[in-house]
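Contents: one structure, followed by commentary.
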Amino acid sequence: MTLALVLGAVLAVLAVLLVARPFLREPAPADDRLAEPGELDRRRLELVEERDRALAALKELEFDHRTGKVSDDDYRALVGPLRRAAAEALRALEPRAQARVPEPTTRIGG
Amino acid sequence: MAELGRAALLVTFGLVVYALVAGSLAAWRRRRRLALSAQNALLAAFGSTLVAAVVLLVALARRDFTFQYVAQHTSRSLPLGYALSAFWGGQEGSLLLWLLVLSGYSALAVWLNRRARDLVAWVVPVLALVAGFFAFMLCFVSSPFVVAPAPGDGAGMVPSLQNPYMLAHPPMLYLGYVGLTIPFAFGMGALLSRQTDERWIVATRRWTLAAWTFLGVGQLLGAHWAYVEIGWGGYYAWDPVENAALMPWLAATAFLHSVMIQEKRGMLKVWNMVLVSLAFLLSIFGTFLTRSGVVNSIHAFSESPLGGWFLGFIALMTVLTVALIYIRLPLLKARTKLESLVSREATFLYNNLLLVALCLTILWGVMYPLLTQALRGETRSVSKPYYDFFLHTFGLPLLLLMGIGPLVAWRRASLRALGKTFLVPLLAAVVTGVALIGAGLGGSTPGLLTYTFSAFVAASIVLEFWRGTNARRAIAGESYPRAFTSLVARNRRRYGGYVVHAAVLLLAIGIAGSSAYQTVREPVHGLRPGQSMEIAGYTLTYRGLATRQEENAQATRATVDVSRGGSHVTTLHPGKNWYPVEQQTSNEVSIYHDPRNLGDVFTIADQIDPKSQTLFLKVLVKPLVNLIWVAGFVFVLGSVIAMWPDAVEQRRLAERYAPAAVSAGL
């Protein structure tokens with residue numbers, strides 16, 4: 001019984017030490033703020049996701065066209081808007097454009 | 001050492017409460033060190049829960065009957081493997097397993113995503129809330145560390161649980177159930193932190209797939225256990241406990257599909273939050289069903305110390321989840337819309353509606369008897385015809401959609417393109433249907449439809465691989481094997497998914513074959529040694545009985561020779577086991593796996609009269625049933641392909657999220 005309680009107490013002390021570790025390592029940090037992405041970061045991420053989505057869609061469209069899943073007419077109708085969407089996202093991600101914090105207006109696939 | 005187990009659980013409880021309170025405060029007030037401290041509390045909670053689990057395992061291995069739990073679920077004669085499996089054989093141990101898996105998963109998920117600190121800051125309190133509930137139950141409601149004066153021997157284990165499948169089936173289910181908490185926590189974390197981009201989906205993609213795979217494999221193991229152990233000749237009985245695992249699996253299946261639409265088109269953000277929450281809540285509901293006693297009767301539920309707490313927790317989580325999704329609706333607006341009702345995303349949507357409809361009808365089938373008993377005091381049951389009707393109504397179109405979906409392009413598909421891609425699968429379906437009718441197998445409409453649709457799906461899967469390989473050859477000028485390999489390697493989720501579809505196909509064929517086309521012979525008269533019976537082309541000749549003593553049971557076995565067309569094919573030994581400690585008898589079935597039709601000759605010794613050597617033998621011939629178990633292996637293969645890390649994809653995602661992490665102070 002005593003051994004069990006001692007082991008239990010050791011476990012509790014170890015847990016407390018682990019929990020207190022961030023405070024023990026940095027007793028007086030210069031900045032304790034948990035930073036979060038700002039509006040610019042959020043916009044950038046949104047644009048990156050749109051860019052990736054458009055590029056992946058283009059790749060998939062090419063592949064589906066090759067395998068015969070997409071007809072020539074459908075391919076011609078779909079590829080233009082997708083290219084434009086990818087180009088718009090890429091342009092908006094350029095450093096100078098980012099500095100202006102653009103409102104994303106891209107609508108993939110129209 | 002029960003004190004150590006109790007102390008460890010109290011430490012866990014303290015840690016998760018701290019993680020909940022400090023984590024919430026840190027995320028709300030944006031305190032970096034406090035957030036890290038809360039994360040560490042979750043990591044430490046896994047350590048202390050592991051200590052508690054080891055204490056219980058040691059007690060089980062040593063048959064320490066001072067632990068009430070050990071005395072209630074094991075005996076001295078119980079083999080060590082089964083004694084250890086008693087860890088999840090009872091209520092308290094099961095709850096400890098839940099907490100152990102949850103704290104382990106939480107620690108791993110938080111550690112793996114430690115760089116996404118702004119998102120994880122809110123994930124920690126959500127995980128801590130769920131862990132806190134289970135730690136509370138174990139500390140104050142249903143502890144496995146209650147001690148009492150040791151009896152001379154334990155009560156033993158229910159004979160049907162003394163089966164190798166019980167060593168793997170419950171842990172697999174729990175790995176699945178609990179695993180669904182991780183995508184739920186990240187989804188809620190994304191809502192709480194207002195980070196509703198795709199990061200939470202990317203972070204939990206593999207977690208969802210792994211949990212879903214464990215849950216699927218766990219169910220198949222359970223079905224096989226029921227098949228070889230319970231002794232009624234079936235593998236799934238729409239039992240509430242079985243349905244408890246099926247419902248979250250169906251919801252997670254819908255989520256795995258719909259999440260792809262969000263990734264590819266930026267649509268269905270609200271729906272995905274609803275699905276991930278539904279899968280999580282159903283996994284808690286499943287644990288409630290199996291652990292509260294409510295399945296046996298409403299009275300057992302009211303006497304159970306767990307039922308009320310579980311219901312309260314489910315209600316709390318439901319209210320919190322619905323409120324949070326509602327509050328964050330403006331952040332979940334889709335930026336694109338469905339362009340055509342004939343497109344890949346539309347077929348995914350139909351698949352989602354059917355999966356959720358099937359899930360909810362099963363939920364209603366489980367709830368209805370409980371509600372009528374609770375509200376009106378009437379005993380009602382929802383049986384096989386109800387479930388079969390909805391399985392056919394929703395399951396058959398789902399099977400067909402599995403073949404249609406891959407053939408349809410994203411965004412929109414013209415009739416001309418569809419006609420071209422559908423031609424071969426349609427021909428395969430028509431030829432199969434006509435051949436089945438011609439062979440006189442058109443008597444069962446669900447069976448006929450299943451096989452016809454299966455032919456369509458099989459052809460569409462083969463075509464996808466064939467056309468994809470040819471396209472790769474044309475692009476890169478590779479050989480067929482090389483083109484095939486790089487096709488799969490470059491898009492593991494898609495082609496892994498097709499392999500999983502092939503597994504579902506095998507499952508459907510196996511279920512239809514073994515149910516719609518099975519033959520059953522009930523034992524009207526007893527057989528005496530030397531007498532025979534005929535069934536579906538097989539002759540079974542009873543030779544006699546033998547009794548032997550096993551480690552923990554007395555086994556009586558009949559000897560039955562099986563022949564076909566005058567040739568001996570095998571000898572079967574159905575019988576019964578008598579467990580003296582548990583004072584129970586179990587049916588021990590004997591099965592011949594026929595490689596000709598991938599089916600089984602399944603024998604059950606319904607009754608045995610040792611004095612007169614009379615055997616009442618029930619026999620079932622189940623064509624294609626073994627495809628169900630083969631499906632399990634194919635399912636795992638497909639899941640592993642889909643989950644296998646892709647270095648190129650990982651680099652791309654790291655590049656996508658790295659700047660956000662940097663500016664978030666990481």
Subject >> Between region B:183-232 and region B:315-382, the Cα center-to-center distance that results, in Å >> reply: 17 Å
**OP:** With just the Cα atoms of region B:582-640, tell me how far they stretch along each of the three principal axes, in Å, largest first.
**Re:** 53, 34, 11
Original post:
Taking other Cβ within 10 Å of each residue's Cβ, how do B:402, B:367 sort, fewest first?
Top reply: B:367, B:402
Original post:
When only alpha-carbon atoms count, how far does the protein assembly as shown stretch along each of its three principal axes, as whole angstroms with the largest first?
Top reply: 95, 77, 56
Original post:
Which translational diffusion coefficient, to the nearest whole µm²/s, is obtained for region B:356-468 from the Stokes-Einstein equation, given a Kirkwood hydrodynamic radius over C-alpha pairs, 4 °C and 1.567 mPa s?
Top reply: 78 µm²/s
**OP:** Estimate the FRET efficiency between residue B:585 and residue B:482 by the formula 1/(1 + (r/R0)^6), using the beta-carbon distance for r and 51 Å for R0, to the nearest 0.05.
**Re:** 0.30
**OP:** Bin width 5 Å, alpha-carbon pairs only: give the P(r) of region B:170-327 as whole percents, running from 0 to the bin holding the largest distance.
**Re:** 2, 9, 17, 19, 18, 15, 10, 6, 3, 1, 0
Subject >> Spacing of the two label points (7 Å from each Cα toward its C-beta) at residue B:567 and residue B:437, in nm >> reply: 3.5 nm
**OP:** Estimate the FRET efficiency between residue B:607 and residue B:367 by the formula 1/(1 + (r/R0)^6), using the beta-carbon distance for r and 35 Å for R0, to the nearest 0.05.
**Re:** 0.40
Original post:
Considering only DSSP states other than H, G, I, E and B, which GluC sites (Glu not before Pro) in region B:324-389 qualify as loop sites with at most 11 other Cβ atoms within 10 Å?
Top reply: B:378
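Just to confirm the filter: which trypsin sites (Lys or Arg not before Pro) across region B:92-161 are DSSP coil and have at most 13 other Cβ within 10 angstrom of their Cβ?
On the way: sites: B:114, B:115, B:117; in loops: B:114, B:115.
Listed in order of number, the matching sites are B:114.
I need to check one value: relative contact order of chain B, counting alpha carbon pairs closer than 8 Å and at least 6 residues apart, in percent.
Result for chain B is 11 percent.
Please report Rg over Rh for region B:153-212, where both radii come from the alpha carbon positions and Rh follows the Kirkwood definition. Before the final figure, lay out each step's value.
Working: Rg = 17.9 Å, Rh = 13.8 Å.
That ratio is 1.29, to two decimals.
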Original post:
Can you tell me the Rg and Dmax of chain B, counting just the alpha carbons, in angstroms?
Top reply: 27.0, 84
Subject >> Shape box of region B:1-158 [Cα atoms, principal axes, largest first, Å] >> reply: 58, 25, 20
Subject >> Residue-averaged beta-carbon neighbours from other chains (10 angstrom radius) around A:22-33 >> reply: 3
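For a footprinting-style exposure proxy, rank B:265, B:411 by other Cβ within 10 Å, fewest first. Walk me through the numbers before you get to the answer.
Values: B:265 24, B:411 28.
Fewest to most other Cβ atoms nearby, the residues stand as B:265, B:411.
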Original post:
Over the Cα atoms of region B:458-543, how large are the radius of gyration and the largest Cα-Cα distance (Dmax), in Å?
Top reply: 23.6, 71
Original post:
Once you put a point 7 Å from the Cα of residue B:167 and another 7 Å from the Cα of residue B:378, both along the Cβ direction, what distance in nm separates them?
Top reply: 4.8 nm
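Going through region B:574-636, which trypsin sites (Lys or Arg not before Pro) have at most 10 other Cβ atoms within 10 Å and a DSSP loop state?
On the way: sites: B:576, B:596, B:611, B:618; in loops: B:596, B:611.
Loop-located and lightly packed - B:596, B:611.
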**OP:** Using only the Cα atoms of region B:519-623, build the gyration tensor, take square roots of its eigenvalues as a ≥ b ≥ c, and label the shape rounded, prolate or oblate: rounded if a/c is under 1.5, else prolate if a/b is larger than b/c, else oblate.
**Re:** prolate
Subject >> Value at 222 nm in deg cm²/dmol, rounded to 500, when DSSP H runs of n ≥ 4 in chain B each add -39,500 (n - 2.57) >> reply: -21500 deg cm²/dmol
Original post:
Tell me, B:263, B:478 in order of fewest to most beta-carbon neighbours within 10 Å?
Top reply: B:478, B:263
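Every number in this text was worked out from the coordinates using simple rules, so none of it is lab data. Here the structure is a predicted model, which is why all the values come from computation and not from measurement. Methodologically, a virtual Cβ is constructed for each residue, glycine included, from the backbone with ideal geometry; neighbour enumeration extends over all protein chains shown.
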